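Here is the structure we will look at, set down as C-alpha cells.
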Amino acid sequence: MITLALAGKPNCGKSTFFKAATMAQVEIANYPFTTIDANNGVAYVRTRCPCQDLGINGCGNCTGGVRFVPVALIDVAGLVPDAHKGRGLGNQFLDNLRQADAIIHVVDASGATDAEGNPVDPGSHDPREDIRFLEHEMTMWVVGILGKHWPRLQRQAQQRTFDIIDGVADVLAGLGITYEDVKDTADELGIDLRRTGEEDLEPFCERLLQRTKPVLFIGNKMDTATPEMLSGLKDLGAVPVSAAAELAVRMAADGGFIEYVPGDPSFAIKPETNLSAQQRAGLEKIAVLMAEHGGTGVQGVIDRAVYELLDQIVVYPVEDEHHYTDKQGRVLPDAFLMRRGSTPRDLAFRVHSDIGEGFLYAVDARSGMRIKESTELKDGDIIKIVSTKK
Ligand SMILES: Nc1nc2c(ncn2[C@@H]2O[C@H](COP(=O)(O)OP(=O)(O)O)[C@@H](O)[C@H]2O)c(=O)[nH]1
Ligand SMILES: [Mg+2]
C-alpha cells in the first residue's frame, strides 16, 4: 500500500490531521481498518468511480460516484531543530521516514507555534521559516548516516572492483533508496562519489531525498491564520488546510447531523436534527471557512500527494469484462493505485504473482478491445486479464 507520513514540529496539528483523515464513515469506506494504532492508520484518496460512465446505478463500492481508495497514513513523532544531532525522537522519526513514499509536511500557518514547537501567541512566529527546516533536518540525518560510512567507502573505492554507488545504496537501503536512485542523483548533479569529500555530501543527500521522499507542504490552522500569512505560505507552495475543521465535520457526519463526503466543498445540515445552538453555530462557522477555501483542504492534500507527488492512477481489474464484475458478481470490486506508466502485465502481477507469470493478454473492458501487454494503463481503466493461471 502507498504510505504517506505526516511530519512537522510539535503542535502544528499532525495528530488532528491524522484523526480527521483516518476517520471514515462506514458508508464511504468499505475497508475494515481505519486507525490501526495511535500513529498508523488508513486514509483514502478520492476518485470518480467508473460506474458513473457505465450507467450502473449504485455499484456498491462508491457514494454517488465518489470512490475512496485506501492508503496508509503515519503520524510521525514531532521533529525539533537539530533532531539530526540526536535531539527529540531521532530514531523513531527515521523509522517512520523509511516506510514513507511521500511526506506531508505540516506547518502551523497561524504562527502560533515557535521554532521548537511550543505554543505561542498567534502571529508571533513566521511559519515560512519552518518550510526549509524539515528538509534540512532530513538531509543532515542522511549526511550523518553516510558520513559514518564515508571513510570506509572511500577506502574501498580505491579498489577497481568496488562500485561506490552500490556501497552508498547499501548503506541507505533501509530508507528505501535504491542503486538507481543513487546513480541517477549523482549523474544529475554531475558528481563522482569516489572523489567527493565527506564535507560535500550535503547537496547530494538533499537531492537524493527530494527524489525518493517527495514533500507536500501544508499550512494548517488556516481558520486562525491571517490572510497575509496564508498568502505568504501559498507563495512558497504550501496548501492551506484546517485539520480541526475537517475533524469537526467528519464527527458531525458520523453522528448523523450532516451529510458530508470528504473532499466536498460544503456539507448539508440534515433537517430535523437536534443540534444545540452552539453546535449549529460551530458548524456554520466551518461552512463559511469551507466556502472561502473550497473545502477544508484535508482530502485535497491526500489526493495531491498520491496523484501529483507519487504520480499514481487508479485501475480496476475485473473478471467479467461485459458486466465489470468479479467471479462473485460484485461490480468493480477492486481499485488499485499504480504508478503512471504501468502496463497490463504490471497489473496482472499486482493481482497475483501467478496471474502475472501466466499473463497472456488483457482486454480493455470499456472498449472491449484486446490491449498489448506494453500498453500504458490510463487512470480509470477497467481491465480484464487473461492468464494461463487462475
Ligand atoms: N485553530 C486550529 N487549531 C488546530 C488545527 N489543527 C490542530 N489544531 C490545534 O493545535 C494543537 C496541536 O494539535 P495536534 O494535532 O496535537 O498537533 P501535533 O503535535 O502536531 O500532533 C491542538 O490544540 C489542536 O486542537 C486547525 O486546523 N485549526
Ligand atoms: Mg501529535
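Every number in this text was worked out from the coordinates using simple rules, so none of it is lab data. These figures come from a predicted structure and were not determined experimentally. Neighbour counts are summed over all protein chains in view; Cβ atoms, including those assigned to glycine, are modelled from backbone coordinates with ideal geometry.
Observations on the model:
- Set Lys14/Lys327; Lys9/Lys148; Lys213/Lys384; Lys19/Lys213; Lys14/Lys285 screened for pairs whose C-alpha atoms are more than 31 Å apart: Lys14/Lys327; Lys213/Lys384
- Listed residues Asp181, Asp379, Asp235, most fluctuating in the chain (Gaussian network, C-alpha, under 10 Å): Asp235
- In this simple spin-label model, placing a label point 7 Å from the Cα along the Cα-to-Cβ direction at both Gln99 and Met1 gives a separation of 1.0 nm.
- With the convex hull constructed from alpha-carbon coordinates only, region 134-203 shows a mean projected area of 4.5 nm² over all directions.
- Within the chain, antiparallel bridges make up roughly 60 percent of the DSSP beta bridges whose residues both belong there.
- Isolated Cys in the chain, by beta carbon distance under 4.7 Å: Cys12, Cys205
- Within region 186-245, the proportion of Cα pairs with more than 16 Å between them is 59 percent.
- Estimated distance in nm for a label pair at Gln210 and Lys389, the labels positioned 7 Å out from Cα along Cα-to-Cβ: 4.1
- Toward the positive end of the charge dipole of the chain, with +1 on the Cβ of Lys and Arg and -1 on the Cβ of Asp and Glu, the farthest Cα among Met222, His323, Cys62 is that of His323.
- Region 313-387: antiparallel DSSP beta bridges as a percent of all, rounded to 5: 80
- Using alpha carbons only: equivalent-ellipsoid semi-axes of the chain, gyration tensor based, whole Å: 37, 34, 15
- Nearest-0.05 FRET efficiency for Arg48 and His323, computed from C-beta distance (R0 25 Å): 0.80
- Most fluctuating residue given options Gly55, Gly341, Gly380, as computed from a GNM of the chain linking Cα atoms under 10 Å: Gly55
- Debye, to nearest 20: dipole size of region 313-387, +1 on Lys, Arg Cβ, -1 on Asp, Glu Cβ: 160
- Only alpha carbons enter this Debye calculation for region 313-387, each as an equal point scatterer, and the log10 of I(q)/I(0) it gives at q = 0.21, 0.23, 0.28 Å⁻¹ is -0.84, -1.02, -1.50.
- Footprinting exposure proxy for Thr178, Thr185, Thr343 (fewest neighbouring C-beta atoms within 10 Å first): Thr178, Thr343, Thr185
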